[in-house]
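Take a look at the structure below.
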Amino acid sequence: MISVALADDQALVRAGFRAILNGEPDMTVAGEAADGTQAVDLARSARPDVMLMDIRMPGADGLAATRQICADPDLAGVRVVILTTYESDEYVYGAIRAGASGFLLKDLEPDELIHAVRVVARGDALLAPSVTRRLIAETAGRLTPPPAPLLDALTGRETEILDLVAAGLSNEEIAARLAISYATTKTHVSRILTKLGLRDRAQLVVLAYESGRIRPGWLP
């Protein structure tokens with residue numbers, strides 16, 4: 001059973017998400033929060049598998065809450081997904097850098113929400129890869145990148161896979177592109193994350209942009 005927590009200051013939004021998620025046989029809503037402070041408290045008390053986090057809330061916003069949750073080693077099993085309207089939210093990039101596992105557009109379809117929660121719960125892929133490229137391309141150019149990380153520990157194949165992950169391809173798509181099995185692809189991604197000391201694919205995407213390996217607008 002996948003437990004999901006909802007953090008959004010709009011009760012109607014929470015009610016809609018709750019109805020969709022509770023309608024699935026493998027999902028349950030573990031609790032709700034109306035601001036960032038409540039979201040952190042909920043993460044600590046309920047320990048959900050996935051927390052859907054609105055980024056704009058009164059008081060402590062979703063970005064501050066995401067930073068606290070992802071920085072707490074006791075909450076390593078809680079995967080935060082940011083809810084955004086994309087055009088107006090400039091904090092999503094910072095949230096991903098802080099450890100968020102991805103983000104969803106608020107106008108998504110119910111089946112997209114269900115699929116996204118399952119994907120993030122298993123830690124398998126970054127959400128909405130095409131939107132991820134657009135968002136990071138938009139925000140990365142306005143940020144001062146840190147010094148390029150050391151990537152010398154990666155093999156040639158791992159570097160190739162890193163680039164494809166950063167471009168937004170899923171494990172299935174990478175496997176098809178490189179003519180390797182899904183299991184092999186997943187193993188490579190796990191090794192890359194371990195070597196680079198990263199939490200998940202979202203941080204891997206950010207690292208690729210910040211290191212200069214991937215440029216905004218690049219496609220494989």
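The length gained on full extension between SER181 and LEU151, counted as 0.36 nm times the residue separation minus their Cα-Cα distance, comes to 8.4 nm. For GLU32, the solvent-accessible surface with a 1.4 Å probe is about 70 Å², rounded to the nearest 10. A simple spin-label model places the labels of ARG213 and ASP72 3.2 nm from each other, with each point 7 Å out along Cα-to-Cβ.
Annotation: Cα Rg of segment 1-79 relative to the compact-globule expectation 2.2 N^0.38 Å equals 1.01. For segment 1-129, carbon and sulfur atoms together expose 49% of the accessible surface, with a 1.4 angstrom probe and every protein chain in place. Heavy-atom accessible area, probed at 1.4 angstrom with all protein chains present, ranks TYR91, TYR182, TYR209 as TYR91, TYR182, TYR209, highest first. Using only Cα atoms, locate the centre of segment 193-210 and the centre of segment 37-109, then give the distance between them in Å, rounded to an integer. Answer, in whole Å: 18.
With a Förster radius of 41 Å applied to the beta-carbon distance between ALA15 and ASP163, the computed FRET efficiency rounds to 0.50.
A 1.4 Å probe over all protein chains sorts SER211, SER181 by accessible area into SER181, SER211, starting with the largest.
The values are calculated or read from the model by the stated rules, or taken from the named source; none is laboratory data. All values derive from a computational prediction rather than experimental measurement. Counting neighbours? That spans all protein chains shown, and the Cβs are built from the backbone with ideal geometry, glycine included. For the accessible areas, the whole protein counts, side chains as well, though only heavy atoms, and no ligand, DNA or RNA atoms are used. Shrake-Rupley method; radii C 1.70, N 1.55, O 1.52, S 1.80 Å.
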